[in-house]
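Structure first, commentary second.
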Amino acid sequence: MKGEDTMSSIAVSIRGKVRELGYDRIPELFEKNPYMHQIYPTEESMKALTVFQIFEGNGEWFDLSKKPIERASFTFGGSEKKTEGYYITDSCIGCGSCLSVCPQSCIITTGIPYVIEQEHCLHCGNCLNTCPAGAVVRR
Ligand code: SF4
Ligand code: SF4
């Protein structure tokens with residue numbers, strides 16, 4: 001979803017099972033996207049098209065306009081939710097090494113173990129690579 005530039009855009013990715021619905025929805029889609037008439041100007045040329053539907057799967061949105069960035073995952077069509085990213089286990093000794101390498105400053109230090117704010121995490125893995133206690137785990 002385009003903003004004025006990359007840093008004001010929101011990325012949405014969707015993965016899942018796809019089925020073909022055929023031509024029936026094409027006129028409706030043209031109504032919502034009038035520019036399509038310029039690419040397929042005649043009814044005959046429109047007949048070359050078909051509609052696919054992603055009916056079951058999961059996805060993620062990623063908002064670069066926020067500081068720190070915001071992300072969230074979702075499922076649809078009854079798909080099972082997968083957990084991704086990094087978390088800090090009880091092996092954390094509170095040394096603070098991960099704080100200086102986290103580009104999103106999204107590690108909470110109010111207690112030990114430290115906690116990663118999942119909605120702001122970039123999944124870069126810097127904390128895992130830096131942790132001297134092996135306390136950061138990738139899901
Ligand atoms: S994976 Fe990257 S962004 Fe996420 S908490 Fe670790 S260092 Fe920060
Ligand atoms: S680097 Fe590892 S042990 Fe140190 S505070 Fe971060 S998670 Fe805890």
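The values are calculated or read from the model by the stated rules, or taken from the named source; none is laboratory data. Bear in mind the structure is a predicted one, so any value in this text is a computation, not a measurement. Methodologically, a virtual Cβ is constructed for each residue, glycine included, from the backbone with ideal geometry; neighbour enumeration extends over all protein chains shown. Side chains included, ligands, DNA and RNA excluded: accessible areas come from the protein's heavy atoms. Shrake-Rupley method; radii C 1.70, N 1.55, O 1.52, S 1.80 Å.
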Q) Summing -39500 (n - 2.57) over the DSSP H runs of n ≥ 4 in the chain and dividing by its residue number, what mean residue ellipticity at 222 nm do you reach, to the nearest 500 deg cm²/dmol? A) -3500 deg cm²/dmol
Q. For the chain, modelled as a GNM with alpha-carbon contacts under 10 angstrom, which of Val12, Val115, Val51 fluctuates the most?
A. Val51
Q: Enumerate the amide H contacts of Leu21 below 5 Å, restricted to partners 5 or more residues apart or on another chain; note that Pro and chain-start residues carry no placed amide H.
A: Val51, Phe52, Gln53
Q: Name the long-range amide H neighbours of Glu56: under 5 Å, sequence gap of 5 or more, or other chain; modelled H, no Pro or chain starts.
A: Lys17
Q: For region 87-98, just list the computed ³J(HN,Hα) in residue order, Karplus coefficients 6.51, -1.76 and 1.60, θ = phi - 60°, integers in Hz, with x standing in for Gly and Pro.
A: 9, 9, 8, 5, 6, 4, 10, x, 6, x, 4, 5
**Q.** Per residue solvent-accessible surface (Å²) - the chain, probe of 1.4 Å
**A.** 67
**Q.** Rounded percent of accessible protein surface that carbon and sulfur make up, region 6-76, 1.4 Å probe
**A.** 56
**Q.** Derived scalar couplings ³J(HN,Hα) [region 66-82; Karplus, 6.51 cos²θ - 1.76 cosθ + 1.60; whole Hz; x for Gly, Pro]
**A.** 8, 10, x, 4, 10, 9, 7, 10, 8, 10, 8, x, x, 5, 6, 6, 9
Q) For the chain, what number results from the quotient of the Cα radius of gyration and 2.2 N^0.38 Å? A) 1.51
Q) With θ set to phi - 60° and the Karplus curve 6.51 cos²θ - 1.76 cosθ + 1.60, what are the ³J(HN,Hα) couplings of region 119-126 in order, to the nearest whole Hz, using x for Gly and Pro? A) 6, 10, 6, 8, 6, 7, x, 4
Q. Out of residues 5 or more away from Tyr86 or on other chains, whose amide H comes under 5 Å of its own, with H placed 1.01 Å from N in the peptide plane?
A. Arg139
**Q.** Restraint check, Lys2/Lys47; Lys2/Lys32; Lys17/Lys47, Cα-Cα greater than 28 Å
**A.** Lys2/Lys47
Q. Got a sec? Which residues in region 48-91 would a label at Ser13 touch, if it sits 7 Å along Cα→Cβ and we count backbone N under 13 Å?
A. 58-63, 72-74, 84-85
(Q) From Cα pairs below 8 angstrom and at least 6 apart in sequence, can you work out the relative contact order of the chain, rounded to a whole percent? (A) 22
Q) Pick from Gln104, Gln38, Gln118: which residue has the top mean-square fluctuation in a GNM of the chain where Cα pairs under 10 Å get a spring? A) Gln38
Q.
Springs between alpha-carbon pairs under 10 angstrom, Gaussian network model over the chain: which of Pro34, Pro103, Pro68 fluctuates most?
A. Pro34
